[in-house]
Amino acid sequence: MNGPLTGFLVIDKAEGMTSHEVVQLVRRQLQIKKIGHLGTLDPMATGVLPLAVGRATRLARFLMGGRKVYEGSIRLGFATDTYDRLGQPTSEFRQPCFPPDRLRTVVESMVGEQMQTPPPYSAKKIGGRRAYRLARQGLQVEIPPQRIRIHRFNCRQRAADAIDFEIHCSPGTYVRALAHQLGQMLGCGAHLCRLRRLSSGKFSLSMACPLHRGRIPEDWTRFLLTMNSMLEDMPGVRVSAEDREAFAHGRTLGVRNVPLTDSPAPLIRILSDSGLLLGLAEIAASPRPPERGEQASVRLLPKLVL
């Protein structure tokens with residue numbers, strides 16, 4: 001661990017708290033200023049909220065692109081303006097009435113790559129202002145659609161007006177927008193009434209630190225994940241004390257025995273002799289790209305120095 005207050009801390013967020021409130025709570029209790037979250041959870045949602053602490057905040061951008069997994073419930077019968085149970089109804093109640101195979105067909109059609117328009121009540125910025133602030137003022141909100149991917153969408157109709165689900169999706173996916181879309185396609189309206197994030201990229205509930213009455217436990221350090229442990233899928237190379245000094249000053253390194261991957265521009269972990277993470281580098285362009293698995297002599301350009 002690079003210092004006692006450096007690393008990643010996964011919080012099992014409680015319902016009713018914003019992601020910002022969780023950050024403020026942990027910042028206050030740990031008495032550390034440098035802390036941030038890796039992807040917002042709506043106040044109604046619970047579950048995995050990864051936090052970067054100390055120098056780990058500089059690595060956050062490399063860990064925000066992973067698949068998200070959620071489970072939750074959708075209520076059928078009417079839609080709301082926020083697409084979840086916290087909003088105001090925007091349609092009269094309509095008794096859901098469709099055959100079981102209709103639900104299966106609709107859900108299957110929602111799997112894959114697609115363009116999704118975020119909800120009007122979202123944190124997306126329009127002209128520098130949050131969409132939800134504009135929506136609350138009664139202003140028309142037009143948010144450009146964004147490309148998302150639904151990898152898996154499993155649904156089970158628990159009651160005439162209730163569906164339980166598990167979904168695997170790309171970052172940036174609004175699950176409540178999917179609930180709204182499902183209601184439209186089924187012809188009865190729908191909204192999200194419960195959502196729990198099970199995992200976010202490499203971070204999962206099994207790593208999570210619970211919150212008890214708005215406080216993290218005294219033994220919270222056992223939940224702190226090292227920076228190196230969350231980057232182990234990146235190739236790593238140990239450097240000499242001399243090269244360590246050069247890297248710290250942003251100079252290019254000439255290194256042998258770099259394990260290469262299939263990625264056209266892989267990031268390489270730069271490690272000290274003792275295995276301490278010093279930062280990340282990228283391979284400089286080479287006249288002849290080395291073959292995968294080849295022990296090559298390459299030039300490494302500093303990408304991030306810790």
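The values are calculated or read from the model by the stated rules, or taken from the named source; none is laboratory data. Every value quoted in this text rests on a predicted model; they were computed, and no experiment measured them. Heads up, the Cβs are rebuilt from the backbone with ideal geometry, glycines too, and the neighbour counts pull from every protein chain shown.
Below is a table of values for the structure above.
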quantity	calculated
Pick from the stretch 2-37, criterion surrounded by fewer than 16 Cβ atoms within 10 Å (Cβ to Cβ) and among the polar types (S, T, N, Q), ranking: modelled with the highest pLDDT	Gln24
Count of residues meeting criterion [over 16 Å from the mean Cα position of the chain (by Cα), among the small types (Gly, Ala, Ser) and assigned to a strand (DSSP E or B)] in the stretch 162-217	2
Residue identified as closer than 29 Å to Arg27 by Cβ, within 24 Å of the chain's Cα centre (by Cα), assigned by TED's automatic domain parsing to the domain that holds Phe62 and modelled with pLDDT of 85 or more among Leu224, Leu277	Leu224
Close pairs from the stretch 234-250: first in a helix (DSSP H, G or I), partner small (Gly, Ala, Ser) and surrounded by fewer than 17 Cβ atoms within 10 Å (Cβ to Cβ), Cβ under 6 Å, at least 6 apart	Arg244/Ser272
Residue within the stretch 9-16 that is basic (Lys, Arg), outside any loop (DSSP other than H, G, I, E, B) and not assigned by TED's automatic domain parsing to the domain that holds Gly172 present	yes
Residue list for the stretch 17-65, filter: part of a loop (DSSP other than H, G, I, E, B) and of a type in the set (A, V, I, L, M, F, W, C)	Met17, Ile32, Leu38, Leu41, Met44, Ala45, Leu63, Met64
Failed item in (1) among the hydroxyl-bearing types (Ser, Thr, Tyr); (2) touching a strand residue (DSSP E or B) at 6+ places or on another chain (Cβ under 6 Å); (3) closer than 30 Å to Gly87 by Cα, with Thr57 passing the rest	(3)
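A quick yes/no check of all residues on (1) modelled with pLDDT of 95 or more; (2) in contact with a Leu (Cβ under 8 Å, 6 or more places away or on another chain); (3) under 21 Å from Thr40 (Cα atoms); (4) loosely packed, with under 14 Cβ neighbours inside 10 Å:
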residue: Arg130; (1), (2), (3), (4): no, no, yes, no
residue: Arg133; (1), (2), (3), (4): no, no, yes, no
residue: Ile143; (1), (2), (3), (4): no, no, yes, no
residue: His151; (1), (2), (3), (4): yes, no, yes, no
residue: Phe165; (1), (2), (3), (4): yes, no, yes, no
residue: Pro171; (1), (2), (3), (4): no, no, yes, no
residue: Val175; (1), (2), (3), (4): yes, yes, yes, no
residue: Ala190; (1), (2), (3), (4): yes, yes, no, no
residue: Arg197; (1), (2), (3), (4): yes, yes, yes, no
